[in-house]
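Novice: Below: one structure in structure tokens.
The values are calculated or read from the model by the stated rules, or taken from the named source; none is laboratory data. What you see is a predicted model, and the numbers here were worked out from it, not measured in a lab. For neighbour counting, all protein chains shown are included, and Cβ atoms are generated from backbone atoms with ideal geometry for every residue, glycine included.
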Amino acid sequence: MKFIPFGTKWNGIKNGELLKLLVGNSFDALLTFDKNLQHQQNFSKYTITVFVLTAKINQCKELTKLTPKIKGYLNKEEMPTGVVIISE
């Protein structure tokens, strides 16, 4: 599994370009709490799973409660492509 560390050269890249970079660099998934992303991009063009994290507030303490659900998808033999909403 690959991770993009905070502070890399990919910070600030627009969503469409970021999705292309992720697919082009063999990433399988993107985790985001940008709820508008699913309405701004055509995910049928990409072979990636985009987990949209939904919590009462977007703070680490709340978002980490979603970890078991995310791991459930990551441990599957095949993940769905497109948007997957992960909520409490």
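Novice: Examine the range 41-53 for a residue that is among the aliphatic types (A, V, I, L, M), touching a strand residue (DSSP E or B) at 6+ places or on another chain (Cβ under 8 Å) and farther than 11 Å from VAL84 by Cα, and state whether such a residue exists.
Specialist: There is no residue in the range 41-53 that is among the aliphatic types (A, V, I, L, M), touching a strand residue (DSSP E or B) at 6+ places or on another chain (Cβ under 8 Å) and farther than 11 Å from VAL84 by Cα.
Novice: Here's a check for you: in the range 35-63, which residue that is polar (S, T, N, Q), modelled with pLDDT under 85 and surrounded by 14 or more Cβ atoms within 10 Å (Cβ to Cβ) is nearest to ASN25 (Cα to Cα)?
Specialist: Among those that are polar (S, T, N, Q), modelled with pLDDT under 85 and surrounded by 14 or more Cβ atoms within 10 Å (Cβ to Cβ), it is GLN41.
Novice: May I ask you to say which residue of LEU66, LEU18 is in a helix (DSSP H, G or I), buried (at least 17 other Cβ atoms within 10 Å of the Cβ) and at pLDDT below 90?
Specialist: LEU18
Novice: Any idea which residue in the range 47-63 is nearest to PHE33 (Cα to Cα), counting only those that are within 14 Å of the chain's Cα centre (by Cα) and either part of a helix (DSSP H, G or I) or of a type in the set (S, T, N, Q) (or both)?
Specialist: That would be THR54.
Novice: Can you tell me which of (1) surrounded by 12 or more Cβ atoms within 10 Å (Cβ to Cβ); (2) modelled with pLDDT under 90; (3) of a type in the set (A, V, I, L, M) is the one VAL83 doesn't meet?
Specialist: VAL83 satisfies every listed condition except (2).
Novice: Of the residues VAL52, VAL23, only one is of a type in the set (A, V, I, L, M, F, W, C) and out of contact with any helix residue (DSSP H, G or I) (no Cβ under 8 Å at 6 or more places or on another chain); which?
Specialist: After applying the criteria, what remains is VAL23.
Novice: Mind checking which residues of the range 74-88 are without any contact (Cβ under 8 Å) to a residue 40 or more places away in the chain, under 23 Å from SER26 (Cβ atoms) and not acidic (Asp, Glu)?
Specialist: Residues satisfying the conditions are ASN75, LYS76, PRO80, THR81, GLY82, VAL84, ILE86.
Novice: Give the range 69-88 a look and list any residue that's in a loop (DSSP other than H, G, I, E, B) and under 21 Å from ASN15 (Cα atoms), or say none.
Specialist: Answer for the range 69-88, where residues must be in a loop (DSSP other than H, G, I, E, B) and under 21 Å from ASN15 (Cα atoms): MET79, PRO80, THR81.
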